[in-house]
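Taking it in order: structure first as structure tokens, then the write-up.
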There are 2 protein chains.
Amino acid sequence: MEVASRAELVRDALDRVGVDLLVVTKPANVRWLTGFTGSNGQLVVTADELIAITDGRYREQIAAELDASGVTATVEVTTTEVGDILARAAPSGARLGLESQHVTWKQHDQFAAWLPGRELVAVDSLLEELRKTKDPGERSRLERAAAMADGALSRAVGELGNRPTERDIAQQLDATMIELGADEPSYDTIVASGPNAALPHAHPTRRVIEGDDLVIIDVGARLDGYGSDMTRTFVAGGDPSGEQQRLYDAVIEAQAAGVEAVADGVEERHIDDVCRSVLGDHGLLDAFIHGTGHGIGLEIHEEPILSPRSTGILRTGLVVTVEPGVYLSERGGVRIEDSVVVTDDGCEPITHSPKRVVP
Amino acid sequence: MEVASRAELVRDALDRVGVDLLVVTKPANVRWLTGFTGSNGQLVVTADELIAITDGRYREQIAAELDASGVTATVEVTTTEVGDILARAAPSGARLGLESQHVTWKQHDQFAAWLPGRELVAVDSLLEELRKTKDPGERSRLERAAAMADGALSRAVGELGNRPTERDIAQQLDATMIELGADEPSYDTIVASGPNAALPHAHPTRRVIEGDDLVIIDVGARLDGYGSDMTRTFVAGGDPSGEQQRLYDAVIEAQAAGVEAVADGVEERHIDDVCRSVLGDHGLLDAFIHGTGHGIGLEIHEEPILSPRSTGILRTGLVVTVEPGVYLSERGGVRIEDSVVVTDDGCEPITHSPKRVVP
């Protein structure tokens, strides 16, 4: 990954967003800029300096992680004097940017008290915008993470017919991903069976998976901070009812159409439109109760968001999910999700588990 | 748990904090007030109404969870019209409170745009203050969760001498807690050995634990939302060096003194003072690089915080951790942590794993 060059990208944007310096406090943004993974880090990006502030718990870690990333920064370890450090970095009259999507109202007021005579400027999504395009090192991590989830799923599906609990399957998936080299699951693994599959964000329960259940499995691995994301749906016993097959086929069709539509230059909203339109043709529009996709990277949901309200354009190098689903109260649900890298003339999936209703 | 009566506690406080109604958006606060566990929930607490707002993903879940908690609320499922709902609840001229520690600068500005003619008021820690005191149902969950972590640790320590990796131990702890009934670990389990034990927040690695390593194990279980928190330290091979024993004894002494000092009416800061003073007597003051403790409950770090900067008073019914530690670069570290319930004349630990340097 080209971590060391990223602060320069922020620096180049300072003028455009109308600030002299930017304070970065969102952990994923701090990590992207420096490699520092601690829970408490603040970066000050000025025209000619990068200051990294943390507390005593992370004194050793921040030095080691900045060094590993090749990042040159002035490190300040403090528990109390953040205001003083900021005041030194931002002369009176300076325009100081804060991440308005991350800084709380209370923190904003604290910054204002620390920094009289400076203008606080709301900076919205600058880092998130830069993070959308993945460099080769980031893509490689996402691809390897996705392969670990593929491996874990291929092992777990063999168990689905043996009346396991949702938790049994989730635990096996998590353990296998780690065995295959993952640092951890990239989010809480979802194994939602029968009526639970009607809840898009169900947590695995001790419910026994029965042969005639639809089972949604949503699983990803995290490697070096980067998390993959994939969903498959099965009928546990391998013998779908007519209705289950109809739902499954509709979602497969919608998901394939969505993936087919992804390419450089395409409106993000269009991917959502395409999926929604296919499900509408099958009379399932009202059963699709969430957005179609999102970026993945250091956060499991990051920009861009693919929904009816999206306003951006897909660009080569972005990595997004395409994940339409249908959810019917009591009866269950189906969701199919791939993560894909946007290319000049289409996209390349990084999730490769077979799509079939029979486990 | 007495969930249904909690909105009334907020209602009783509206006047005191100078608002006519409060919008609650922090997930732990939403859950505490209603039992709703979705990732997107907003509550509007007015003098005579409770409005719960979420999106289509959670339509079924919010109805079921409010019902299970016995909470009466007007449920609004929407993706776009939050502003309209708020405007109806807050007549022109109303003073509308927002959680200033949770609402971002951008969200604040969004609320202001939605609600012209209303006064937005920063409400700081009202819910967090109410949540500090645990009711019998909450205490019971914390105690049962703590017992699951105790059980998992008693099984894992037997492996420490067999050259496992840190991850092996962490995975076994997590799996055992779930086997014993936990919903999940209440935070990322820490198993930090040798030099890694010098990092208070280390993540488990593939490092093999050697016999002469200090090993810090920080582990908790979550049950019904409530998470326990405990730390023990061992020398893996059971044969501490003179220095290891010295560090261990100093932390044990500091931790016992801290626990001994906990009681209704005691200043929070005093617990921190006591631990710091003992470690200072052992020449280890600079090696204690974090606060002494924190509340536990629906969040793993919640109020009160026990640190040199604390200003509050401990009260009967609070559940706090006492967890001094020392960290020496390269050589490792020792941390001992119990969670205790504050009583009128002392406290009762809810974590019961034996404290001994030999596993």
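The values are calculated or read from the model by the stated rules, or taken from the named source; none is laboratory data. A quick note: this is a predicted structure, and the numbers were derived from the prediction, not measured. All Cβ positions, even for glycine, are placed from backbone atoms using ideal geometry, and neighbour counts span all protein chains on display. With ligands, DNA and RNA removed, areas are computed over all heavy atoms of the protein, side chains included. Shrake-Rupley method; radii C 1.70, N 1.55, O 1.52, S 1.80 Å.
Please enumerate the residues belonging to the range A:249-269 that are surrounded by fewer than 24 Cβ atoms within 10 Å (Cβ to Cβ) and in a loop (DSSP other than H, G, I, E, B).
Correct list: A:263, A:264, A:265, A:266.
Please enumerate the residues belonging to the range B:96-127 that are more than 7 Å from chain A (Cβ to nearest Cβ), part of a helix (DSSP H, G or I), open to solvent by 30 Å² or more (accessible area, probe 1.4 Å) and touching a Phe, Trp or Tyr at 6+ places or on another chain (Cβ under 9 Å).
B:107
Regarding residue A:89, is this residue in contact (Cβ under 8 Å) with a residue 60 or more places away in the chain and more than 14 Å from every other protein chain (Cβ to nearest Cβ)?
yes
Residues that are within 14 Å of another protein chain (Cβ to nearest Cβ), in a strand (DSSP E or B) and touching a residue at least 24 places away in the same chain (Cβ under 8 Å): does the range A:198-210 have at least one?
No: the range A:198-210 contains no residue that is within 14 Å of another protein chain (Cβ to nearest Cβ), in a strand (DSSP E or B) and touching a residue at least 24 places away in the same chain (Cβ under 8 Å).
In the range B:31-52, which residue that is touching a residue at least 40 places away in the same chain (Cβ under 8 Å) and either part of a helix (DSSP H, G or I) or within 10 Å of another protein chain (Cβ to nearest Cβ) (or both) is surrounded by the fewest Cβ atoms within 10 Å (Cβ to Cβ)? It would help to see each step written out before you state the result.
Here is the first cut: in the range B:31-52, the ones touching a residue at least 40 places away in the same chain (Cβ under 8 Å) are B:31-33, B:37, B:42, B:44, B:46, B:49-50.
Still in the running and either part of a helix (DSSP H, G or I) or within 10 Å of another protein chain (Cβ to nearest Cβ) (or both): B:31-33, B:37.
Numbers: B:31: 20, B:32: 24, B:33: 26, B:37: 18.
Of everything passing the filter in the range B:31-52, B:37 is surrounded by the fewest Cβ atoms within 10 Å (Cβ to Cβ).
Return a yes/no flag: does the range A:226-248 have any residue that is in a helix (DSSP H, G or I), of a type in the set (A, V, I, L, M), surrounded by 22 or more Cβ atoms within 10 Å (Cβ to Cβ) and at pLDDT below 95.
No.
Can you pull out the residues in the range A:295-308 that are closer than 18 Å to residue A:230 by Cβ and open to solvent by less than 10 Å² (accessible area, probe 1.4 Å)?
Answer for the range A:295-308, where residues must be closer than 18 Å to residue A:230 by Cβ and open to solvent by less than 10 Å² (accessible area, probe 1.4 Å): A:295, A:296, A:297, A:306.
Which of (1) within 14 Å of another protein chain (Cβ to nearest Cβ); (2) more than 25 Å from residue B:99 (Cα to Cα); (3) open to solvent by less than 30 Å² (accessible area, probe 1.4 Å); (4) not aromatic (Phe, Trp, Tyr) does residue A:160 not meet, given it meets every other one?
(1)
So, in the range A:53-69, how many residues would count as being closer than 16 Å to residue A:24 by Cα and either within 14 Å of chain B (Cβ to nearest Cβ) or open to solvent by 30 Å² or more (accessible area, probe 1.4 Å) (or both)?
Total meeting the criteria: 3.
Which number in (1) part of a loop (DSSP other than H, G, I, E, B); (2) away from every other protein chain (no Cβ under 14 Å); (3) over 30 Å from the mean Cα position of the chain (by Cα); (4) at negative phi marks the one condition that residue B:72 misses?
Condition (3) is where residue B:72 drops out.
Taking the condition of being open to solvent by 30 Å² or more (accessible area, probe 1.4 Å), hydrophobic (A, V, I, L, M, F, W, C) and at pLDDT below 95, how many residues in the range B:163-189 meet it?
Within the range B:163-189, residues that are open to solvent by 30 Å² or more (accessible area, probe 1.4 Å), hydrophobic (A, V, I, L, M, F, W, C) and at pLDDT below 95 number 1.
Inspect the range A:141-149 for any residue being surrounded by fewer than 18 Cβ atoms within 10 Å (Cβ to Cβ) and either within 12 Å of chain B (Cβ to nearest Cβ) or under 24 Å from the mean Cα position of the chain (by Cα) (or both) and give the result as yes or no.
There is no residue in the range A:141-149 that is surrounded by fewer than 18 Cβ atoms within 10 Å (Cβ to Cβ) and either within 12 Å of chain B (Cβ to nearest Cβ) or under 24 Å from the mean Cα position of the chain (by Cα) (or both).
Within the range B:145-160, identify whether any single residue is in the same structural domain as residue B:242 (by TED's automatic domain parsing) and in a strand (DSSP E or B), and answer yes or no.
Pass one, the range B:145-160, residues in the same structural domain as residue B:242 (by TED's automatic domain parsing): B:145-160.
Cutting the leftovers down to in a strand (DSSP E or B) gives us none.
Looking for residues that are in the same structural domain as residue B:242 (by TED's automatic domain parsing) and in a strand (DSSP E or B), one finds none in the range B:145-160, hence no.
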